[in-house]
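No value in this document is a laboratory result; all are computed from the given coordinates. The model shown is predicted, which means the values in this text are computed figures rather than measured ones. Cβ atoms come from the backbone with ideal geometry, glycine included; neighbour counts cover every protein chain shown.
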Amino acid sequence: MTTLAQPLRVSRWVGGPLLAALAVSLLLAAPIRLLGLPLPEPVTLMVPAFAWAMIRPAAAPAFALLLGGLALEGLWGAPAGLWAISLLAAYLPILVLRNILAAQSPVVLWAWYGLACLLAQLVGWLISAWIAGAPPSLAAAGLQWLATVLLFPLAALLIERFRDADVRFR
């Protein structure tokens, strides 16, 4: 049985993932400890950021990343613009390379996702260091990067879910 491709609706491919990523961020920011350790705080918005860049270029994802980044800043107490700029800095190269990446294996996409996460973390780290006048903890940034990279299967699921609406994947 074949299914016909359906057009992308902004509410489904931008609104839903944005709200889900923000809800998970809110949940992980709760003061809950497991085995004496706090919950990880991955940059959950990297999941839709990567998927949106791979699926289709449009203004809605960039605007959603701006709004989502501002929400993360409010949640985590980060300086205004830090995560919005960091997410957009990671989104842009994937958007530019999307035609090349569309034909790659999941392992290669995971590596590119990791590089995009690294870029977002680096931009955020540099902005934080500049604003604070002192570098943030590299260990904390590294753990946040690792937790974010481990979310790649969710980005792959999001790409798979909406791939039929993009002619490059047919």
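Observations
- Magnitude of the charge dipole for the chain, about its Cα centre and with charges confined to Cβ atoms of Lys, Arg (+1) and Asp, Glu (-1), is about 400 debye.
- Normalised by the number of residues in segment 40-165, the average gap of Cα pairs under 8 Å and 6 or more apart makes the relative contact order 36 percent.
- Using θ = phi - 60° in the Karplus curve 6.51 cos²θ - 1.76 cosθ + 1.60, the 3J(HN,Hα) couplings for segment 67-82 round to 5, x, x, 5, 5, 4, 4, x, 5, 9, x, 7, x, 4, x, 4 Hz; x is entered for Gly and Pro.
- Table column - 3J(HN,Hα) (Hz), segment 134-147, Karplus curve with 6.51, -1.76, 1.60, x for Gly and Pro: 8, x, x, 5, 5, 5, 5, 5, x, 5, 5, 4, 4, 4
- Rg/Rh for segment 40-165, where both radii come from Cα atoms and Rh is the Kirkwood radius: 0.97
- In terms of packing, defined here as the mean over residues of other Cβ atoms within 10 angstrom, the peptides 22-29, 49-56, 145-152 line up highest first as 49-56, 145-152, 22-29.
- Integer Hz, Karplus 6.51/-1.76/1.60 couplings in order for segment 86-92, x for Gly and Pro: 4, 5, 5, 5, 7, 5, 4
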